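Working notes, beginning with the structure itself.
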């Protein structure tokens, strides 16, 4: 069980380190949100690969090479839960200290995309108001924490499901 915790810690740390790596690549106002999103989810997927290795290690070393789908999924869920907790706590530390203008920059990025799509001034104004409302909500940790959790948890559950399917063995 202790090893599962280590795999979860590793996954969480890989994600947090990824934020700093992206910051160093996209310094200042050069951040490309579409590329950043792709790289961010790629880093999450790489980090969550620890689920596969953690479940495989548990199966091979603790259960003599056999594990049911249910048990494999639950072990993967433990790793994902720890990784998700670190991801959320990490963002709560990282966001105010290194990305406090994230909401503003992201809003500008979304509005510029809408302008490029040729939306009318009324539609853009409506979206700007909606984005301003979102930014106010995002500043509240009770809103931000579940949103942050929903970035990683669904992907983690999919990785756990796939890992359980691949690793189950009687």
Fill in the blank from the handout: Extension length gain for residue 149 and residue 97 (0.36 nm per residue less Cα distance), in nm, is 16.8 nm
Completion exercise
With Cα coordinates, the longest principal axis of the chain makes an angle with the long axis of helix 33-62, in degrees rounded to 10, of 10
Practice task
Quickly work out the residue 89-to-residue 170 label distance, labels modelled 7 Å from Cα along the C-beta direction, and quote it in nm with one decimal.
Solution key: 4.0
Problem - Degrees, to the nearest 10: 141-167 long Cα axis against longest axis of the chain - result: 40
Practice task
At 0.36 nm per residue, minus the direct Cα-Cα distance, what do residue 112 and residue 137 gain on full extension? Give it in nm, one decimal, please.
Solution key: 6.9 nm
Handout entry: Mean separation of Cα contacts under 8 Å, 6 or more apart, over the residue count of the chain: relative contact order %
Key = 37
Handout entry: Globularity ratio of the range 82-170, using Cα Rg and 2.2 N^0.38 Å
Key = 1.48
Completion exercise
Ranked on Cβ counts within 10 Å of their own Cβ, fewest leading, 147, 1, 131 go 1, 147, 131
Problem - Kirkwood Rh (inverse of mean 1/r, distinct Cα pairs), the range 20-112, angstrom - result: 15.7
Problem - Hydrodynamic radius of the chain per Kirkwood, over alpha carbon pairs, in Å - result: 17.6
Exercise for the section: For the chain, find the longest principal axis of its Cα atoms and tell me its angle to the long axis of helix 69-98, 0 to 90°, nearest 10. Expected result: 30
Exercise for the section: Pull out the extension gain between residue 42 and residue 60, defined as 0.36 nm times the separation in residues minus the alpha carbon to alpha carbon distance; nm, one decimal. Expected result: 3.7 nm
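Quick note: the coordinates plus some simple rules give every number you see, no bench work behind them. Treat the numbers as computed from the prediction; the structure is a model and nothing was measured. Here the Cβ is made from the backbone with ideal geometry for all residues, glycine too, and neighbour counts use every protein chain on show.
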